[in-house]
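Here the structure comes first, spelled out in structure tokens, and everything after it is commentary.
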Amino acid sequence: MQNKMGILPEAEFYRKLDKVLPGGIFEQARKDPKRRIYFTRISIEGLEEMHDYSIDERLYKYFEFEPFKTISDTEKYLKKLIDIEGDKISGRTAIAWFVRRIKDKKLVGTSRLVNLDYNRQSVEWGYGIDPQLWGDGHILEIQEVLKKYIFITLQMNRLFGQTRVDNKPTISSLLATGIKNEGVLRQALRDSK
């Protein structure tokens, strides 16, 4: 139920954020023949799988931190993501998920919502994919699942992301999913001339 401003009541919003997975649970996702991925809550149990691709230097080309050298580095980062979420539900400003392949439950990457602001109905997204799987369409599917989650499930009004202007793969994938942002659009138009 929406309130008179067309947004979910605050308690319902945070309940959905905490309990509803983007794209539904595994059983729901695998029933859709178009789906190849599903989301699970991020947890320390995925550490070894995450570390397997976290050491690939290609992953960090547009990140603002260095590649993880040891499993301890990956563990610190994963614990940081979990700690940022915190234990409280109401007022949460970040949430993270593992992204797994339906056919074999392989961890393909992570996805996060950060700078979540209920009062402004605004959120920033981010994701990182195993570089061995780049070009397989996982990023586009993550974006589509998250757009539905953000705009339909959570009924938010604004989705944004940040990237470096030279990150052409991310910019082109955003444009391919229909995301238009003043800065992204302006840069794309400038590049096309």
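The values are calculated or read from the model by the stated rules, or taken from the named source; none is laboratory data. Note that the structure is predicted; figures quoted are calculated from it, not measured. Virtual Cβ from ideal backbone geometry, glycine too; neighbours counted across all protein chains shown.
Computed quantities for the displayed model
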| quantity | calculated |
| --- | --- |
| Residue within region 37-49 that is modelled with pLDDT under 90, in contact with a strand residue (DSSP E or B) (Cβ under 9 Å, 6 or more places away or on another chain) and not charged (D, E, K, R) present | no |
| Test set (1) at pLDDT 90 or above; (2) part of a helix (DSSP H, G or I) - residue 156 fails condition number | (2) |
| Restricting region 112-152 to residues that are of a type in the set (Asp, Glu) and part of a strand (DSSP E or B), the residue that is surrounded by the most Cβ atoms within 10 Å (Cβ to Cβ) | 124 |
| Selection status of residue 77, surrounded by 12 or more Cβ atoms within 10 Å (Cβ to Cβ) and touching a residue at least 60 places away in the same chain (Cβ under 8 Å) | no |
| Sole exception among (1) more than 22 Å from residue 11 (Cβ to Cβ); (2) at pLDDT below 90 for residue 87, by number | (1) |
| Subset tally (residues that are among the aromatic types (Phe, Trp, Tyr), farther than 21 Å from residue 100 by Cα and surrounded by 11 or more Cβ atoms within 10 Å (Cβ to Cβ)) for region 45-67 | 2 |
| Sole exception among (1) within 23 Å of residue 143 (Cβ to Cβ); (2) in contact (Cβ under 8 Å) with a residue 40 or more places away in the chain for residue 31, by number | (2) |
| Residues that are in a helix (DSSP H, G or I) and surrounded by 12 or more Cβ atoms within 10 Å (Cβ to Cβ), drawn from region 22-43 | 26, 28, 29, 30 |
| Residue in region 70-80 that is aromatic (Phe, Trp, Tyr) and within 20 Å of residue 159 (Cα to Cα) present | no |
